[in-house]
1. Considering only residues of the stretch 6-55 that are in contact with a Ser or Thr (Cβ under 9 Å, 6 or more places away or on another chain) and modelled with pLDDT under 95, which is farthest from Ala77 (Cα to Cα)?
2. Filter the stretch 1-25 for residues that are touching a residue at least 40 places away in the same chain (Cβ under 8 Å), loosely packed, with under 13 Cβ neighbours inside 10 Å and not aliphatic (A, V, I, L, M) and give the result.
3. Can you list the helices (runs of 4 or more DSSP H) found entirely within the stretch 30-83 that contain at least 2 residues being charged (D, E, K, R)?
4. Looking at Leu43 and the list (1) in contact with a helix residue (DSSP H, G or I) (Cβ under 7 Å, 6 or more places away or on another chain); (2) surrounded by fewer than 12 Cβ atoms within 10 Å (Cβ to Cβ), which single condition is not satisfied?
5. Any idea which residue in the stretch 26-40 is surrounded by the fewest Cβ atoms within 10 Å (Cβ to Cβ), counting only those that are of a type outside the set (Asp, Glu) and in contact (Cβ under 8 Å) with a residue 12 or more places away in the chain?
Amino acid sequence: MNQELAAAVRAQADALIDRAYDLQEEIPADLHRLAKDVAELALVTARVLEGKPILRAFGAPGDWGYGTPMGEAVRIAIAREAL
């Protein structure tokens, strides 16, 4: 679909992941987790731009963490689609 835009989004996500990793000892754990989730949401956007169906672009619930709001939302969405 739009490979250039997807590549730019991926680059930003990678930069955020790298920066969050560099600062993980200096920032609260919840902020570090939030940065990782936001970066993963950017990667979801990149996958959609590359042509992957939206729900598949989110991956599996465990990718987000079982018991987390995102993991649970992905689990519910997958279950609903299976109906």
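The values are calculated or read from the model by the stated rules, or taken from the named source; none is laboratory data. Since the structure is predicted, the reported quantities are computational estimates derived from the model, not experimental observations. Neighbour counts run over all protein chains shown; Cβ positions are idealised from the backbone, glycine included.
1. Arg33
2. Keep residues of the stretch 1-25 that are touching a residue at least 40 places away in the same chain (Cβ under 8 Å), which gives 1-3, 5-6, 9.
Filter once more, so that each one left must be loosely packed, with under 13 Cβ neighbours inside 10 Å: 1, 3.
Residue satisfying the conditions is Gln3 alone.
3. It comes to 69-82.
4. Evaluating Leu43 over (1) in contact with a helix residue (DSSP H, G or I) (Cβ under 7 Å, 6 or more places away or on another chain); (2) surrounded by fewer than 12 Cβ atoms within 10 Å (Cβ to Cβ) leaves (2) as the failure.
5. Quick first cut of the stretch 26-40, residues of a type outside the set (Asp, Glu) only: 27-29, 31-36, 38-39.
Restricting the remaining residues to those that are in contact (Cβ under 8 Å) with a residue 12 or more places away in the chain gives 32, 35-36, 38-39.
Details: His32: 16, Ala35: 18, Lys36: 18, Val38: 13, Ala39: 20.
Top of the filtered list is Val38.
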